[in-house]
Amino acid sequence: MSINVVSDLPQELQLALNRAQETNLRQLTPLYNRMEEFAENDVVSLLAAIGQVPEARELFDVAITEMQEVPRPVANRVELLIIGGGLHAAIFASTYYRLTGVKPLVIEERDRTGGIFDLAERETFFLNSRNRREGNALVPGTEGPLNTIVNGYLQPSMMSGLEYQTNVDMAFPIRVNLALCADVITGMPVTSLDLPIADGDLIVNLGEAAPVEADNVIIATGVGEPKTEGMTADRRVITFNEFLQRFGFRDDPFPLQGLNRVAVVGAKDSGNVVVEYLLGQGPTTASSVAALDYVERIDWYDQKALTKEAFEDANRSRYKGIGRYMPRVGQDDYYYRVQPIPGKVIQTFTEDGGVRVRTQLESGEFKNSELVYDLVVFCIGFNDQANQLLGPPEDFEDAFQDVFNSDLKLVVAKKLEGVNLYKVGPCADLQVTDQERIDTPVLGQIPENSAAVFRYADRTAKLCEMIVTGDV
Ligand SMILES: Cc1cc2nc3c(=O)[nH]c(=O)nc-3n(C[C@H](O)[C@H](O)[C@H](O)COP(=O)(O)OP(=O)(O)OC[C@H]3O[C@@H](n4cnc5c(N)ncnc54)[C@H](O)[C@@H]3O)c2cc1C
């Protein structure tokens, strides 16, 4: 196996490629040979092979993390700066690099890139979008698989043939493409933005480094921070993001140990993946000991579907396995582990060695939970943080205007009037239009899909093209 490496591959990654080959040659060779049939060059074939061999992937992953850590010098002036190191940063950076040969500066506040798909160190949830072409040519990004890093070198679909891939299958290619196509600084939050005076540049203020001036700034901060309403301070009361971090921790082989009764608050996608995980339907719970680390009872708050049948009717096929553990119509003596409980949780409190929750029912009545829980997981949505970078959010709510792209015939991003400042991906919060609902009925039926990769991926790449060609 001989690899021709692209000329400007960072030295740290070149070394990691060599080491991965030295230590895992036997596993990598057949994968590499197969990948070579369709990947665009030798480096991509090798990276795709590395992504499929856990030891090699970990080695390369560590090299990426170390390469991007602070303290490192940060340029004081750049053409293009991207805030956030998730999927949309990877799409933007890959497109920009392919079109201009210039690597944009990416600033990520966590100590790793990868965004929401990388919050857990290992496989913790299955994606809700299929790793298959969906066949609707009117949906941006559906020429190929749905989970596409447009213009990226390494694609999630090269990681496995699973119908629903894991968060890590998505996170690794995001991390690799950013490492190849951007100059990334991790562990560094963007704290605020100063708007240009006259024709000056935007000033990006950073946590512990001098501000950076930039011609163009792209905000790609995703869905934002988890909402915490009703949560009280107790290590057993956690958000969805904390759940991913705790249960996706690589060194803990028995993540469910000591959990008998768990309350999950919220019944959208994040609530669904938490319940799957607790039931042993997630990708990693295989490492726990089912006879010992067994969650006996999951009380699912704000779950309006009260039976298996109602749950299956209300949810896409991806989540139907959860229904097997829910009460069944006409079978009162059926054993079920998941108890749906309507009503909003407004408060948690510590009691009898566990945590009790207080709900408000639709009638306005308040009720304390019968059970005391070992863990309460809040999955009640996210608060967009993007506008806060500019000052009080309400001052800028209406100042961002739609950027329309005539090729896609869609609004692709938001732009601050008169300034080279853009919001891309879910933080742009582009409303689903009537035409989109006609073209893609699933967007009307499943509102959570409005943040999906398939909806925004092509838009972000198009915005990049427009900026490079001066069409915006
Ligand atoms: C639990 C969950 C599961 C999902 N699953 C799917 C799925 O299966 N399929 C699908 O199509 N879509 C899914 N989505 C939607 C998903 O949000 C988008 O598809 C996509 O991840 C958004 O990418 P992004 O780059 O905009 O945001 P993210 O991936 O969230 O990345 C944003 C990054 O910005 C960083 N950041 C934020 N603020 C700052 C700051 N001030 N300074 C520096 N860095 C900052 C964050 O740390 C983060 O790394 C899911 C969403 C959630 C919440």
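Numbers for the structure displayed
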{"item": "Where Val237 falls short, out of the listed (1) of a type outside the set (Lys, Arg); (2) buried (at least 18 other Cβ atoms within 10 Å of the Cβ); (3) in the same structural domain as Asp458 (by TED's automatic domain parsing)", "result": "(3)"}
{"item": "Qualifying residue in the range 435-453 (condition: within 24 Å of Tyr97 (Cα to Cα) and more than 13 Å from the ligand (Cβ to nearest atom))", "result": "no"}
{"item": "Qualifying residue in the range 239-261 (condition: charged (D, E, K, R), within 23 Å of Asp332 (Cα to Cα) and touching an Asp or Glu at 6+ places or on another chain (Cβ under 7 Å))", "result": "yes"}
{"item": "Within the range 200-226, tally of residues that are among the charged types (D, E, K, R) and either at positive phi or within 12 Å of the ligand (Cβ to nearest atom) (or both)", "result": "1"}
{"item": "Filter result (surrounded by 15 or more Cβ atoms within 10 Å (Cβ to Cβ) and either farther than 20 Å from Leu278 by Cα or free of Cβ contacts under 8 Å to residues at least 40 places away in the same chain (or both)) within the range 346-368", "result": "Gln347, Thr348, Arg356, Arg358, Thr359, Gln360"}
{"item": "Residues of the range 416-434 classified as of a type in the set (Gly, Ala, Ser) and within 16 Å of the ligand (Cβ to nearest atom), total", "result": "2"}
{"item": "Selection within the range 305-345 - surrounded by 15 or more Cβ atoms within 10 Å (Cβ to Cβ) and either charged (D, E, K, R) or on the phi > 0 side of the Ramachandran plot (or both)", "result": "Lys308, Glu309, Glu312, Arg316, Arg318, Arg324, Arg337, Gly343, Lys344"}
{"item": "Matching entry among Arg328, Arg318 (being of a type outside the set (Ser, Thr, Tyr), within 23 Å of the chain's Cα centre (by Cα) and not assigned by TED's automatic domain parsing to the domain that holds Asn128)", "result": "Arg318"}
{"item": "Near pairs, Cβ below 6 angstrom, 6+ apart or cross-chain, from the range 382-393 (near the ligand (Cβ under 10 Å from one of its atoms)) to any residue that is among the aliphatic types (A, V, I, L, M)", "result": "Phe382/Val223; Ala386/Ile219; Leu389/Leu193"}
{"item": "Members of the range 153-197 that are part of a loop (DSSP other than H, G, I, E, B) and under 30 Å from Gly418 (Cα atoms)", "result": "Ala182, Thr186, Met188, Pro189, Leu195, Pro196, Ile197"}
{"item": "Verdict on Tyr164 being modelled with pLDDT of 90 or more and closer than 14 Å to Leu87 by Cα", "result": "no"}
{"item": "Qualifying residue in the range 418-425 (condition: in a helix (DSSP H, G or I) and either over 26 Å from the mean Cα position of the chain (by Cα) or in contact (Cβ under 8 Å) with a residue 24 or more places away in the chain (or both))", "result": "yes"}
{"item": "Index of the failed condition, Val329 passing every other in (1) more than 29 Å from Ala451 (Cβ to Cβ); (2) touching a strand residue (DSSP E or B) at 6+ places or on another chain (Cβ under 8 Å); (3) hydrophobic (A, V, I, L, M, F, W, C)", "result": "(2)"}
{"item": "Hits in the range 245-272 - residues which are within 15 Å of the ligand (Cβ to nearest atom), crowded, with 21+ Cβ neighbours inside 10 Å and over 24 Å from Ala305 (Cβ atoms)", "result": "Phe247, Gly248"}
{"item": "Residue count for the range 393-404, restricted to those that are modelled with pLDDT of 95 or more and surrounded by 19 or more Cβ atoms within 10 Å (Cβ to Cβ)", "result": "1"}
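The values are calculated or read from the model by the stated rules, or taken from the named source; none is laboratory data. Just so we're clear, the structure is a prediction, and the values are computed from it rather than from any experiment. Heads up, the Cβs are rebuilt from the backbone with ideal geometry, glycines too, and the neighbour counts pull from every protein chain shown.
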